[in-house]
Amino acid sequence: MLADDHPLARAGLRRFLEHDKAGRFTVVGEASDGGEAIGLLTALAPQVAVLDLQMPIAGGREVVAWLKHSGLATRAVVVSGFCDSVQERDLLSAGAASVVEKTAEPKQFLAAVAAAGSQQPATDVRQAGGIPWKALHLVPTPRREKILRLLARGLSAREIAAQLGRSPRTVEAILATVQRQARLTRRELARVISGILASEA
């Protein structure tokens, strides 16, 4: 999976991967920001995620940190325009398999992706009902399911409360708990669930 907010950069990375002489790689999805990346990671559980360090909503460092606690076996390769030794150590300690500068040769990039992919097979943690409760560190309940599905449709906490016949305070409390456990902001949570539900269609 590729995640970069620049379409040309994604196209270039895809080209390198798909034209690998050994035919080792298949790009299963693309994301244009960190929120979409988390959604695709949760929905697709790819073997390797190639993440740009600087992205809207959540950068590569934040996605790597989320991935480390997600329960997924996906390995992350972070691509950066510039990364000093301190940043590289930080990314590796956060859980990245490797860090590749954008000035690197294509063969170095491909070698990093291949190495990351060989370390651990992908594991699909999606569950019935569409929402990957385990990956999000959540205990499934019918009420949470309804609230998250409405959140993914763009409804506010007040609108969700009105539709479900609950008090806004109750819905806010449930969302706050879910956000804390999933380690996501409300906007990120909505985008993650929205991406997963879209993949069901």
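The values are calculated or read from the model by the stated rules, or taken from the named source; none is laboratory data. On a predicted model such as this, the values are computed, not experimentally measured, just so you know. Using ideal geometry, Cβ is built from the backbone for each residue, glycine included, and neighbour counts are taken over all protein chains shown.
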Residues of the range 14-58 being under 21 Å from residue 184 (Cα atoms) and among the β-branched types (Val, Ile, Thr), in sequence order, are 38, 42, 50, 57
Taking the range 1-44 and keeping only residues that are in a helix (DSSP H, G or I) and closer than 19 Å to residue 192 by Cα, one is left with 34, 35, 36, 37, 38, 39, 40, 41, 42, 43, 44
Per the list (1) part of a helix (DSSP H, G or I); (2) closer than 18 Å to residue 6 by Cα, residue check on residue 110 breaks on (2)
Per the list (1) surrounded by 14 or more Cβ atoms within 10 Å (Cβ to Cβ); (2) modelled with pLDDT of 85 or more; (3) part of a helix (DSSP H, G or I), residue check on residue 158 breaks on (1)
Residues in the range 68-98 that are modelled with pLDDT under 90 and either among the β-branched types (Val, Ile, Thr) or under 14 Å from residue 31 (Cβ atoms) (or both) total 1
